[in-house]
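One structure below.
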Amino acid sequence: MTRRPASSTRIAPRRFGGLVAGLVAGAALAIAAPIAASAQDSAADDGAEEDGAEEMTKGEKRLARMLEGRVAGEPVNCIRVIPNQRMVTIDKTAYVYGRGRTIYVQRTANPDDINNNDILVSRRFMASELCRQDVMTTADRILGFFTGAVFFEDFIPYTRVDDAGDEATEDDSAA
């Protein structure tokens with residue numbers, strides 16, 4: 001029987017120790033990186049507040065175009081939905097339900113998590129209504145895997161405003 005030199009048995013524990021040290025260092029970096037990024041974001045936000053005017057995001061601009069000529073109404077807890085009702089997802093901004101005279105804007109608790117590449121999965125308590133208490137999740141549009149949870153706020157109705165000239169014409173025809 002051939003005996004191995006004593007030095008070969010010492011190498012393995014050193015490799016294992018180096019592996020553990022590397023994993024610990026990697027975990028420390030994984031924890032520290034989001035904190036450093038958050039600190040940079042807050043410093044950038046402070047700089048933006050000093051400038052006074054914040055630039056609208058692409059999603060906010062799109063929502064503003066959709067809401068042109070509409071007036072916000074009183075927030076509601078639930079909206080009536082039908083299976084073929086239109087829903088528009090605006091990245092990092094809101095979900096918009098409905099079409100025609102009144103549309104409903106749903107700004108979630110975390111609008112930055114809204115992604116146009118995800119689909120909204122609903123587990124509704126009542127099939128004909130969508131409410132702020134309903135459990136909503138998101139799934140990848142292509143692969144279908146779970147991507148997050150959505151926490152709704154109140155639905156804000158926006159109703160198209162009639163022009164004053166239209167109202168005067170209607171009053172004249174009624175007289």
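Apply the Karplus curve 6.51 cos²θ - 1.76 cosθ + 1.60, θ = phi - 60°, to the phi angles in region 133-140 and return the couplings in whole Hz, x for Gly and Pro.
Running phi through 6.51 cos²θ - 1.76 cosθ + 1.60 with θ = phi - 60° gives 7, 5, 7, 10, 10, 10, 9, 4 Hz.
Could you pull the Cα extents of region 69-160 along its three principal axes, largest to smallest, in whole Å?
Computed over the Cα atoms, the extents are 38, 27, 24 Å.
The numbers here are math on the coordinates, done by the rules we state, and not lab data. Small disclaimer: the values here were computed from a predicted structure and weren't measured.
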